[in-house]
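First up is the structure itself, then whatever we jot down about it.
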Amino acid sequence: YISRVSSVLNKNGKIYGKQFMFDKNDETCWNSDCGSPQWIVLNYYKEINLTSLEIQFQGGFAGLKCQIQAGSNLKNLNYFQDIFPENSNSIQLFKLISVIKAKIFKLVFQNSTDFFGRIIIYKLLLNYS
């Protein structure tokens, strides 16, 4: 898959880039810049059946209300459901109401526990069948 994010802290992708959400290293993370909303797009090469997702935030920099959108192209994404992460360092598992079959998934964090709207994610995993 190909990933995109709304922003990176100080535009410093070498230290805070999106790739660090997927590297399985507890010491690295994606750190967004200030402002809301923040978002993550994952574009798969073929359709997948998304069943759940796992996110690990840094406490104090967690996304709050998160909208899951999906579709076959970025211009025509459909809203599927909201998830409500906790302000925690723990890995959080979100089971979907129903399986989402799509190529493109967008997570839109409407706001953050950080006063400036920053989000820090150590791990993001989409589970599919």
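Overview of results
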quantity: Evaluation of LEU125 against (1) buried (at least 18 other Cβ atoms within 10 Å of the Cβ); (2) closer than 16 Å to TYR1 by Cα (one fails), failing number; calculated: (1)
quantity: Neighbours by Cβ (under 8 Å, 6+ apart or cross-chain): first from segment 43-68, within 27 Å of GLU27 (Cα to Cα); second surrounded by 20 or more Cβ atoms within 10 Å (Cβ to Cβ) and hydroxyl-bearing (Ser, Thr, Tyr); calculated: GLN56/TYR122; PHE57/TYR122; GLN58/TYR122; PHE61/SER112; ALA62/SER112; GLY63/SER112; LEU64/SER112
quantity: Subset of segment 2-24 (residues that are under 18 Å from GLN110 (Cα atoms) and part of a helix (DSSP H, G or I)); calculated: LEU9
quantity: Filter result for the condition that a residue is assigned to a loop (DSSP other than H, G, I, E, B) and either at pLDDT 95 or above or more than 17 Å from LEU124 (Cβ to Cβ) (or both), over GLU27, GLU54, GLU47; calculated: GLU27
quantity: When residues of segment 57-83 are limited to those that are assigned to a loop (DSSP other than H, G, I, E, B) and touching an Asp or Glu at 6+ places or on another chain (Cβ under 8 Å), the one farthest from ASN127 (Cα to Cα); calculated: GLY60
quantity: Every pair of residues 6+ apart whose Cβ atoms lie under 7 Å, when the first sits in segment 1-27 and is surrounded by 12 or more Cβ atoms within 10 Å (Cβ to Cβ) while the second is of a type in the set (Asp, Glu) and modelled with pLDDT of 95 or more; calculated: SER7/ASP33; VAL8/ASP33; LEU9/ASP33
quantity: Failed item, numbered, when ASP33 is tested on (1) surrounded by 14 or more Cβ atoms within 10 Å (Cβ to Cβ); (2) part of a strand (DSSP E or B); calculated: (2)
quantity: Leading residue by the ranking (surrounded by the most Cβ atoms within 10 Å (Cβ to Cβ)) among those in segment 84-122 that are assigned to a strand (DSSP E or B), of a type in the set (Val, Ile, Thr) and touching a residue at least 24 places away in the same chain (Cβ under 8 Å); calculated: ILE121
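The values are calculated or read from the model by the stated rules, or taken from the named source; none is laboratory data. In this text the structure is predicted, and so the values were computed from the model without any measurement. Backbone-built Cβ (ideal geometry, glycine too); neighbour counts: all protein chains shown.
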